[in-house]
Amino acid sequence: MKKSISISTVVTLATLFMMPLETIAKEAMTGKEISFERKLGNCLACHAIAGGKQTGNIGPPLIAMKARFPDRAVLRAQIWDATIKNPNSIMLPFGRHKIITESQIDKVTDFIHSL
Ligand code: HEC
């Protein structure tokens with residue numbers, strides 16, 4: 001009995017310590033890394049982006065972004081929730097559904113805006 005309690009305590013503590021570490025690691029990622037990471041932005045599944053491999057073509061290639069999105073806020077809004085512009089969009093509402101954090105959206109927006 002005593003042994004099983006200590007094991008579950010160890011598991012709980014390990015989980016508590018591992019979670020913040022993972023969060024810290026994610027916060028340290030660059031906009032490019034977040035965009036390319038399959039478990040986070042996964043933008044390459046649908047968009048061709050310079051430097052990306054095995055890109056999809058469901059969405060338009062993300063090129064000349066500053067020319068097409070002079071206003072960074074408009075670009076951020078598109079990434080935060082694509083369904084505002086196109087209610088039938090298959091692009092995931094990354095901000096509205098909290099798929100990535102607000103600070104990750106800022107980094108992704110800066111990276112995409114630089115393309
Ligand atoms: C499941 C497919 C899919 C994923 C994943 C996806 N998008 Fe999209 N995206 C689209 C489609 C389709 C469009 C075209 C407009 C629409 O239907 O909403 C689009 C449009 C855009 C646009 C507007 C482009 C233009 O020329 O008007 C931007 C910017 C954009 N996506 C950025 C991103 C970023 C950044 C990510 C990753 C964080 C991402 N997308 C992930 C499918 C996707």
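Please treat every number below as a calculation from the coordinates, not as lab data. Small disclaimer: the values here were computed from a predicted structure and weren't measured. For neighbour counting, all protein chains shown are included, and Cβ atoms are generated from backbone atoms with ideal geometry for every residue, glycine included.
Brief remarks on what is shown
- The fewest-to-most ranking of His97, His113 by surrounding Cβ atoms within 10 Å reads His97, His113.
- Shown for Met18, Met65: other C-beta atoms within 10 Å of each C-beta, ranked fewest to most, produce the order Met18, Met65.
- Residue-wise HN-Hα coupling along segment 96-112, computed from phi with Karplus coefficients 6.51, -1.76, 1.60 (Hz; x: Gly, Pro): 4, 8, 6, 6, 10, 6, 4, 6, 5, 5, 4, 5, 4, 4, 4, 5, 4
- The order of Leu13, Leu115, Leu44, Leu62, going from fewest to most other C-beta atoms within 10 Å of their C-beta, is Leu13, Leu115, Leu44, Leu62.
- Length added when fully stretched, Ile5-Arg72, from 0.36 nm per residue minus Cα-Cα: 18.8 nm
- Taking the charge dipole of the chain about its Cα centre, with +1 at Lys and Arg Cβ atoms and -1 at Asp and Glu Cβ atoms, the residue from Leu13, Leu115, Ala50 reaching farthest to the positive side is Leu13.
- Only the Cβ atoms of Lys and Arg (+1) and of Asp and Glu (-1) were treated as charged; on that basis the dipole of segment 30-113 about its Cα centre amounts to roughly 100 debye.
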